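One structure below.
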Amino acid sequence: MSQNDPMLESYIFEETQLTDQLENLILQNENSNNYSSEVINEIFRIMHTIKGSSAMMLFNNISTLAHSVEDLFYFIREQKPKDVDFSSLSDLILESVDFIKVELQKIKSGDNADGICDEIIEENKNFLLKLKGENAYKAVIFFEDDCEMENLRAYSVVKNFDELANEIYYIPEDIIEDDDTGKIIKEHGFQLFVKINKSYEEIEKILNQTILLKEFTLTHLDSYEEFEQARKQNKPTLTENPIEKFQIEKKENVRIENIPTAQNIISVNVHKLDQLMDLVGEMVIAEAMVLQNPDLNGLKLDNFENSASQLHKVTSELQDLVMSIRMVPISNTFQKMHRIVRDMSKQLNKEVQLKLIGEDTEVDKNVIEHISDPLMHLVRNSIDHGIELPAERENNGKNKIGVVTIEAKNSGNDVTVSVEDDGQGLNKEKILKKAKKNGILKKSPEEMTDKEIYNLVFMPGFSTNENVTEFSGRGVGMDVVVKNIEAIGGSVSISSVEGKGSTTTIKIPLTLAIIDGMNIKVGDTYFTIPLTVIRESFRLIEMDSIININGNEMVMVRGECYPIIRIHEFYGLDTKITDFKDGIFIMIEKDEKYICIFVDELLGQQEVVVKSIPNYIKNIGTIRAITGCTLLGDGNISLILDAGWLISTVNISN
Amino acid sequence: MANIIANEVLEEEDTQKDNFLTFTLDSEVYGIEIKYVMEIIGMQSISKVPDLPEYVKGIINLRGKIIPVMDVRIKFNKEPKEYNDRTSTIIVEMNDIFVGLIIDSVSEVIIIPESEIVAPPEFSVNKNKYICGIGKTGEGVILLVNCNKLLNEEETNALDNAGDKLL
Amino acid sequence: MAKVLIIDDASFIRCTLKAMLERNGYEVAGEAVDGIDGILKYKQCSPDIVTMDISMPKMNGLDSLKEIIKYDPNAKIIMLSAMGQELMVKNAVINGAKTFIVKPFKEEMLMKTLTKVLSV
């Protein structure tokens, strides 16, 4: 429901922008250990807007929190206090930012924004109080015996503080109205709580002026807990709340401001983009259905063919354009990494610098969503397990500041994102030991290449609880990263030099929706193989090329042996073509592993729109080696083969 | 504002609440809540998909949308029948899961008030676990199908089947 | 040597107070017999501190207090009340009386009070 509420969507958009802006502001400025007045004003402005908008949308927790930050910055802006601890202040604001972000997520998913931020608000208030130089005290006052009407005397004391204190509470409360309170005061003393910009000595002095005072105890309160308790039992003091040093604007100005932009950019509803994308996909199919229509077989239609060519040209351009609209630069995701690096290095006492290369590489919007989490995981890994502590680095002749480099680049049909660190690198022995211990070592170590050993870290079950820190791998490890990447048709690989560092590379297809495929047929079933995995296809000339080793069929091509998968056998499909000489071999490759699959016939190349497997079938979960389906020109449905899956079913031993 | 919308939706569902689309398998009449029914179509060419339980015949192309189809006879452990021109496919949707149900023939939409629905008998020789109730009408009884179970029970079944299928 | 103005309609009280004050080093700058007289005498002798009885003819201590405070916001006035005059005392304090003593009182208590009030 909430998706369709334009006001809510607008709110979410605006507040997300603002919190991102604020976070970036903090991250950029905290190193300078001082906030310029422009920055202070901007922070104030942002919090003011968030306060107002959230109040209007009835998200009161966010509004109140923003208010407490706004108060803080109003004071800083107006009073320009010296000696502000900007480091702690930054932490404080980021805490608030995090809370708001979480609440925005909830709102986005249609859940209740029911987070409790009382603690953060208290912290903000306390920070402000410390800036103001305000202190909290508790005094317990006893009057002279027999002085009578102690409650009235207590009242005088309160009056003495009234002008000076920011807040006063006292117990018993109704000293004027209720004369019995005199007895209470006589027995237990008069409890006075004040928040005041005065020192202990100054308070003592004032208390000593109490007439007919017998004795008193005065305590400087560190926390405002007792104060809050007193407050809860009290209503505000006799007079109007004492003078606040400044007034906050009372007007609730909730006009949603436009975020100024440098270029001509408009924000577009993603759903509309998705619809546009779908329609273009339908158009590609419809175009194929016209141009490859069986009715045209054998006809020579020159004019028609010219027009068809023109049509194809236009639809291709339209397709490219629509894809490019969905492309967003990866910089947004990259910027999030700054925060992670900052938080983690602080927590782990490591010094880490983040380098970003290729920020303006553009990626499909859908892909960005799938890359964000894995990327964060990799960065965390680098800092947690890769980069050494500063002392250790210096001992090893390295610069004590570790460097994590994230690079994105376009390579044809894929986007490559790599995370590189100059840390301690992967230790082969440790990995092998761990793999063995967790029972995932399938081959003997001597037979494994370095790459295969490193790739062990991607296996499910590799990470155990011992290795789990707060940040990386809650016992699930890299395999979750890999799964998420593979879910969008990508792949992950890792390389490392011990002592020097490691690099993890994520490769993802440029767009999710349209790929170049080779259509094939096996029996009555159509399949499509992504062109990117096909190395070559061939017919068998001589049966001599076929070898059988332990029941595994293999084919020789130019002196090399390749395992064969008979697709009809693999899937149990009925077909007349079972003799190798009657069908076609297609050599496919993934991660430098090659196999040949045997199919009935090649139907031809086609640009296909990838549609996901229907949920119902996904839920059944028994399908092997299929990543999606597509509609062919003649209306038939073709299943898109997962080369990696197929290849992994074959035990490759050289 | 949100409250108003929610109420409207509820009302809509309410007005459809007692409506069932009935269909036949052999001599038995079954009913399924109309709110899950998207449309009813004749038989279309089915593209076979490997690695699926016997009752999932494959997938069809419905105006560009790919929808899996299930032979309900097989699902209910009956003898499969050859498809003829009366055989229909009921396209149902629940929680973004679309399935086409292949059945002998479609009957009509009838209203069965809650008062006329009883629970299926506990102990029965041919216990069909997809039936969640029995509706009584003037002309006889209607076996009410639990759409949720029909569309989602696969997970438990899958674990059984998977063991068989994978080598 | 601090100057005190005694405002009380009972001569016995004025006498006792005078003796107490002079014993303790205070100068009795004047004596008034009712509220109105009190205001007059205050303006005349500008005392450092005033002892004010509550119930007096012509004008009571509370009203006198108010007038004196109007004239001199810094006036230091100590109310002398009898038991059962709580309400008046409350009002007095709210209206500016520095403090109060309840009769009968001990000399020590009065002295302590005077010292405190004057020291502020």
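State the answer as a single residue: which of A:Thr630, A:Gln229, A:Leu296 lies farthest towards the positive end of the charge dipole of chain A, with beta carbon charges of +1 for Lys and Arg and -1 for Asp and Glu, about the Cα centre.
Towards the positive end, the residue furthest out is A:Leu296.
Per residue of A:619-627, what is the mean number of Cβ atoms on other protein chains within 10 angstrom of that residue's Cβ? It would help to have the intermediate numbers written out before the result.
On the way: counts 7, 11, 8, 15, 5, 5, 2, 3, 0.
That average works out to 6.
Counting other beta carbons within 10 Å of each Cβ, put A:Glu452, A:Glu446, A:Glu177, A:Glu14 in order, fewest first.
The fewest-first ordering by Cβ neighbours comes to A:Glu446, A:Glu177, A:Glu452, A:Glu14.
Towards the positive end of the charge dipole of the protein assembly as shown, with charges on Cβ (+1 Lys, Arg; -1 Asp, Glu), say which of A:Phe161, A:Ile485, A:Leu94 has the farthest Cα.
Positive-end residue among those listed: A:Phe161.
Need one number: the % of Cα-Cα pairs in the range A:477-617 sitting beyond the 25 Å mark. Before the final figure, lay out the partial values.
Numbers: 4091 of 9870 pairs.
Of all Cα-Cα distances in the range A:477-617, 41 percent exceed 25 Å.
For C:Ala32, which sequence-distant residues (separation of 5 or more, or a different chain) have an amide H within less than 5 Å of its own amide H, given hydrogens modelled in the peptide plane?
So C:Ala32 has HN proximity to C:Ile6, C:Ile7, C:Asp8.
Residue by residue through the range B:34-51, which ³J(HN,Hα) values in whole Hz follow from phi under the Karplus form 6.51 cos²θ - 1.76 cosθ + 1.60 (θ = phi - 60°), with glycine and proline marked x?
Ordered by residue, 3J(HN,Hα) equals 5, 5, 8, 8, 8, 6, 10, 10, x, 6, 10, 5, 9, 8, 6, 10, x, 6 Hz.
How large, in Å, is the protein assembly as shown by the Kirkwood hydrodynamic radius built from its alpha-carbon pairs?
Numbers: mean 1/r = 0.0274 Å⁻¹.
Roughly 36.5 Å, rounded to one decimal.
Per-residue mean of other chain beta-carbon atoms within 10 angstrom of the beta-carbon, peptide B:92-99? Mind dumping the intermediate values first?
Working: counts 0, 0, 1, 1, 3, 6, 3, 4.
Partner Cβ neighbours, averaged per residue: 2.
Can you give the average number of partner chain beta-carbon atoms within 10 Å of each beta-carbon in peptide C:88-96, as a whole number?
3
I need A:Phe99, A:Phe190 ordered by Cβ neighbour count within 10 Å, fewest first.
Fewest-to-most ranking of A:Phe99, A:Phe190: A:Phe99, A:Phe190.
Show me the ranking of peptides A:63-70, A:541-548 by mean Cβ neighbours inside 10 Å, starting with the highest.
Ranking the peptides A:63-70, A:541-548 by packing returns A:63-70, A:541-548.
Quick one: if you take sqrt(5λ) for each eigenvalue of the C-alpha gyration tensor of the range A:271-326, what semi-axes come out, biggest first, whole angstrom?
For the range A:271-326, the ellipsoid semi-axes come out as 27, 12, 5 Å.
Put +1 on the Cβ of every Lys and Arg and -1 on every Asp and Glu Cβ in chain A; which of A:His385, A:Ile577, A:Gly189 then has its Cα farthest towards the positive end of the dipole?
It is A:Ile577, whose Cα lies furthest towards the positive end.
If each residue's Cβ is checked for other Cβ atoms within 10 Å, how do A:Cys117, A:Cys629, C:Cys45, B:Cys132 rank with the fewest at the top?
Details: A:Cys117 21, A:Cys629 25, C:Cys45 14, B:Cys132 17.
The order, fewest Cβ neighbours first, is C:Cys45, B:Cys132, A:Cys117, A:Cys629.
Which value, in debye to the nearest 20, gives the size of the charge dipole of the protein assembly as shown about its Cα centre, when Lys and Arg are +1 and Asp and Glu are -1 at the Cβ? Write down the numbers at each step before the final one.
Values: 100 positive and 152 negative charges, 385 e Å.
About 1840 debye.
Using the Karplus curve 6.51 cos²θ - 1.76 cosθ + 1.60 with θ = phi - 60°, work out ³J(HN,Hα) for each residue of the range A:204-218 in order, rounded to whole Hz, and write x for Gly and Pro.
Per-residue couplings from phi come out as 4, 4, 4, 5, 5, 7, 5, 7, 6, 8, 8, 6, 8, 10, 10 Hz.
Just report the Cα centroid separation between the range B:23-101 and the range A:276-311, whole Å.
32
Using packing as a proxy for protection, rank A:519-525, C:47-53 so that the peptide with the highest average count of other Cβ atoms within 10 Å comes first. Each step should come with its number before you reach the end.
On the way: A:519-525: 20.7, C:47-53: 23.7.
My ranking of the peptides, most packed first, is C:47-53, A:519-525.
Is there a quick way to get the dipole size of the range A:1-106? I mean about its Cα centre, with the Cβ of Lys and Arg at +1 and of Asp and Glu at -1; what is the value in debye to the nearest 20?
200
Quick one: Debye curve from the alpha-carbon atoms of the range A:2-131 only, equal weights, vacuum; give me log10 I(q)/I(0) at q = 0.18, 0.19, 0.20 Å⁻¹ to two decimals.
-0.93, -1.02, -1.12
Using modelled backbone amide H atoms (1.01 Å from N, in-plane), which distant-in-sequence or interchain residues come within less than 5 Å of B:Leu101's amide H?
Those qualifying (amide H under 5 Å, at least 5 residues apart or on another chain) are B:Met70, B:Ile90, B:Ile91, B:Val92.
Could you pull out every residue, at least 5 positions away or on a different chain, whose amide H is within less than 5 Å of the one on A:Gly517? Hs are placed 1.01 Å off N in the peptide plane, and Pro or chain starts have none.
A:Leu531, A:Gln606, A:Glu607, A:Val608
Determine ³J(HN,Hα), in whole Hz, for all residues of the range C:77-87 in sequence, where each value follows from phi through the Karplus function 6.51 cos²θ - 1.76 cosθ + 1.60 and θ = phi - 60°; x replaces Gly and Pro.
Ordered by residue, 3J(HN,Hα) equals 10, 10, 7, 10, 10, 8, 4, x, 10, 3, 4 Hz.
Let's see if you can work this out: charge +1 on each Lys and Arg Cβ, -1 on each Asp and Glu Cβ, no other charges. What is the dipole magnitude of the range A:135-233 about its Cα centre, in debye to the nearest 20?
320
Laboratory data are not the source of any read-out in this text; all were calculated from the coordinates shown. The shown structure was predicted, so the numbers you read here are calculated from the model rather than taken from an experiment. Glycine also receives a Cβ, built like all others from the backbone with ideal geometry; neighbour counts cover every protein chain displayed.
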